[in-house]
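The values are calculated or read from the model by the stated rules, or taken from the named source; none is laboratory data. Just so you know, these numbers come straight off a predicted model, no measurement behind them. Every residue, glycine among them, receives a Cβ derived from its backbone with ideal geometry; neighbour counts consider all protein chains shown.
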Amino acid sequence: MATLLHIDSSVLPGEASSSRSVAAAFRTAWEEQHPEGTVIYRDLAADPVPHITAVAWSAGYVAPAERTPEQSAAFAAREMLMEELEQADAILIGAPMHNYSIPSSLKAWLDNVLLLGRTAGENPSAQGTPVIVVASRGGSYAPGTPREGFEFVQNYLEAVLGRTLGLDLDFIVPELTMAPRNPAMSQLVPLYEASRKRAFEDAAAKAKELAERLAA
Ligand SMILES: Cc1cc2nc3c(=O)[nH]c(=O)nc-3n(C[C@H](O)[C@H](O)[C@H](O)COP(=O)(O)O)c2cc1C
């Protein structure tokens, strides 16, 4: 039975959010392929995980039996989040662009799950797990665009999810999502529509492709 860890972090609800909508399409296609499967769902906007503290961080580097009661209590939340990551056969993350980077709620999740010697380091515990990131953004930061150098979502997540946690990373990038709402971007509406259509197609195709890969 396959387990999907699905994480949303958009501040917008339901269909108002591009990343939630595209991630939902991926999840629907995934569930069609895995009717008996399990989905672990985290909505980091509705239910944020705690920011890392000195106590929770230092607890990661102390043997369980030697932790203070405060360290044990603080580490329990990290343990649960790391176990969710480790038990997943595939991971789906909605990562909208906020001020050129990821939402702080998603950063807080990463600060909790990244532990050197366990999820990160020489043999990361979730190494090789496929992760699909829906990286929605209001503008475009594609190669050749004026704001290309302001893109700190994909390159950051490549460093953290790919090279640090060792996950097998793939992106779906719905871009120009502000075009229908911003008159200054009206000429970009057709490009936005094409990007949105491609994102939904990619979501369905990638979910199916992944299911076939995991079944092989
Ligand atoms: C706090 C905040 C900051 C944002 N910063 C950017 C930005 O730097 N660049 C950009 O292209 N869009 C920015 N946007 C727009 C979002 O990236 C865009 O609305 C996108 O669709 C968000 O994904 P969602 O629809 O899943 O929430 C920002 C939105 C919010 C709420």
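Count of the stretch 109-149 residues, restricted to those that are closer than 27 Å to Leu4 by Cβ and within 13 Å of the ligand (Cβ to nearest atom), is 5.
For the stretch 36-56, a residue qualifies if it is over 14 Å from the mean Cα position of the chain (by Cα) and more than 16 Å from Arg78 (Cα to Cα), and the qualifying residues are Glu36, Gly37, Thr38, Val39, Ala46. Every residue in the stretch 90-110 that is hydrophobic (A, V, I, L, M, F, W, C) and without any contact (Cβ under 8 Å) to a residue 24 or more places away in the chain, please. Of everything in the stretch 90-110, nothing turns out to be hydrophobic (A, V, I, L, M, F, W, C) and without any contact (Cβ under 8 Å) to a residue 24 or more places away in the chain.
When the stretch 26-35 is examined, which residues are found to be more than 15 Å from the chain's Cα centre (by Cα) and either among the hydroxyl-bearing types (Ser, Thr, Tyr) or part of a helix (DSSP H, G or I) (or both)? Of everything in the stretch 26-35, those that are more than 15 Å from the chain's Cα centre (by Cα) and either among the hydroxyl-bearing types (Ser, Thr, Tyr) or part of a helix (DSSP H, G or I) (or both) turn out to be Thr28, Ala29, Trp30, Glu31, Glu32, Gln33. Residue pairs, Cβ under 8 Å, 6 or more apart or interchain, first in the stretch 149-174 and within 18 Å of Ser125 (Cα to Cα), second at pLDDT below 95 and part of a strand (DSSP E or B). List them. Matching pairs, first to second residue: none at all. Filtering the stretch 18-37 to residues that are of a type in the set (Val, Ile, Thr) and more than 9 Å from the ligand (Cβ to nearest atom) leaves only Thr28.
Answer with yes or no whether Glu15 is away from the ligand (no atom under 12 Å from the Cβ), closer than 30 Å to Ala194 by Cα and assigned to a helix (DSSP H, G or I). So Glu15 does not fit the description; no. Going through (1) within 22 Å of the chain's Cα centre (by Cα); (2) among the aliphatic types (A, V, I, L, M); (3) surrounded by fewer than 16 Cβ atoms within 10 Å (Cβ to Cβ) one by one, Met82 falls short only on (3). Scanning the stretch 8-30 for residues that are of a type outside the set (Ser, Thr, Tyr), in contact with a strand residue (DSSP E or B) (Cβ under 7 Å, 6 or more places away or on another chain) and farther than 12 Å from Ala203 by Cα gives a single hit, Asp8.
With respect to the conditions (1) within 29 Å of Ser195 (Cα to Cα); (2) of a type in the set (Val, Ile, Thr); (3) touching a Leu at 6+ places or on another chain (Cβ under 6 Å), Thr3 falls short on a single one, namely (3). Within the stretch 134-165, the set of residues being in a loop (DSSP other than H, G, I, E, B) and closer than 22 Å to Ser21 by Cβ comprises Ala135, Ser136, Arg137, Gly138, Gly139, Ser140, Tyr141, Ala142, Glu151, Val153. The residues of the stretch 61-108 that are hydrophobic (A, V, I, L, M, F, W, C), in a helix (DSSP H, G or I) and within 16 Å of the ligand (Cβ to nearest atom), listed by number, are Leu106, Ala108. Residues in the stretch 111-128: is at least one charged (D, E, K, R) and touching a residue at least 60 places away in the same chain (Cβ under 8 Å)? Yes, some residue in the stretch 111-128 is charged (D, E, K, R) and touching a residue at least 60 places away in the same chain (Cβ under 8 Å).
For the stretch 118-165, the candidate set comprises residues that are among the charged types (D, E, K, R) and modelled with pLDDT of 95 or more; within that set, the residue that is surrounded by the most Cβ atoms within 10 Å (Cβ to Cβ) is Arg137. In the stretch 166-193, of all residues being under 18 Å from the mean Cα position of the chain (by Cα) and either assigned to a loop (DSSP other than H, G, I, E, B) or buried (at least 18 other Cβ atoms within 10 Å of the Cβ) (or both), the one that is farthest from the ligand (Cβ to nearest atom) corresponds to Gly166.
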